[in-house]
Amino acid sequence: MMTMGSTAGTPAPTNEVYAVLAAYIDQPAVQRIFQGVTGAMIAGVTHIHLLFQSFGGAVGDGVCLYNFFRSLPIRLTLYNAGSVASIGVIAYLGAKERKVSTHATFMVHRTQASPQHATAERLQAIAHSLTLDDERTEAILRQHITMGDDKWAAHKVSDLWFSAQDAVDCKLATVVGEFAPPIGTKVFNV
């Protein structure tokens, strides 16, 4: 369940909730999001505003969040107020409404793994796993964002960084906008 954060001034409508998540995308983060969102829905919330800050994490957990966010029967607005990177970008794309702060950035790259101490067979398995993860994350990216062939080619060999305006231009974010809970609104920490 979401835990209470800061409060001040006039409250938001009772059918809306504001929350923040600054986390590595892993099983515990996914569980906290599931609990927070389902708790909010049970309480009658119809719109969740979530400030989403992540430098990435596990591919499977990010894809899971992407699918969860896409399937929500309530309105979800995700906000990038600093940086969303790696698999965090895939999760972020699951929301229909995606806002980005004027000075925020995004970064995407290919899947990475450390082959230290791996046998030849293990290296083959790692390569297969990386290929599968790259295929599914690139399919999600291509479904949502628009980039020229030169950017897609660069994505295969290096990190791609996007400013707020770049993100809106390629449809990674829907609009430049700030996370701004009304004064007096409880802000939950997920």
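Go through (1) surrounded by 15 or more Cβ atoms within 10 Å (Cβ to Cβ); (2) touching a residue at least 24 places away in the same chain (Cβ under 8 Å) one by one and return the number of the condition residue 73 breaks. Answer for residue 73: the failing condition is (1). Which residues, counting only those in the stretch 31-67, are within 15 Å of the chain's Cα centre (by Cα), surrounded by 15 or more Cβ atoms within 10 Å (Cβ to Cβ), more than 16 Å from residue 137 (Cβ to Cβ) and without any contact (Cβ under 8 Å) to a residue 60 or more places away in the chain? Across the stretch 31-67, the qualifying residues are 37, 48, 52, 53. Under the condition of being assigned to a loop (DSSP other than H, G, I, E, B) and either of a type outside the set (Val, Ile, Thr) or surrounded by 15 or more Cβ atoms within 10 Å (Cβ to Cβ) (or both), the residues counted in the stretch 159-184 number 13.
Mind checking whether some residue in the stretch 113-132 is farther than 27 Å from residue 35 by Cα, surrounded by 12 or more Cβ atoms within 10 Å (Cβ to Cβ), of a type outside the set (A, V, I, L, M) and at pLDDT 95 or above? No, because not a single residue in the stretch 113-132 is farther than 27 Å from residue 35 by Cα, surrounded by 12 or more Cβ atoms within 10 Å (Cβ to Cβ), of a type outside the set (A, V, I, L, M) and at pLDDT 95 or above. A search for C-beta distances below 9 Å between a residue of the stretch 113-131 that is free of Cβ contacts under 8 Å to residues at least 12 places away in the same chain and any residue that is part of a helix (DSSP H, G or I), counting only pairs 6+ apart in sequence or on different chains, returns 114/126; 115/122; 115/123; 115/126; 115/127; 118/125; 118/126. Among the candidates 99, 156, single out the residue that is closer than 25 Å to residue 26 by Cα, surrounded by fewer than 16 Cβ atoms within 10 Å (Cβ to Cβ) and not aliphatic (A, V, I, L, M). Exactly one of 99, 156 is closer than 25 Å to residue 26 by Cα, surrounded by fewer than 16 Cβ atoms within 10 Å (Cβ to Cβ) and not aliphatic (A, V, I, L, M), namely 156.
The values are calculated or read from the model by the stated rules, or taken from the named source; none is laboratory data. Everything quoted here is computed from the prediction, not taken from an experiment. Cβ atoms come from the backbone with ideal geometry, glycine included; neighbour counts cover every protein chain shown.
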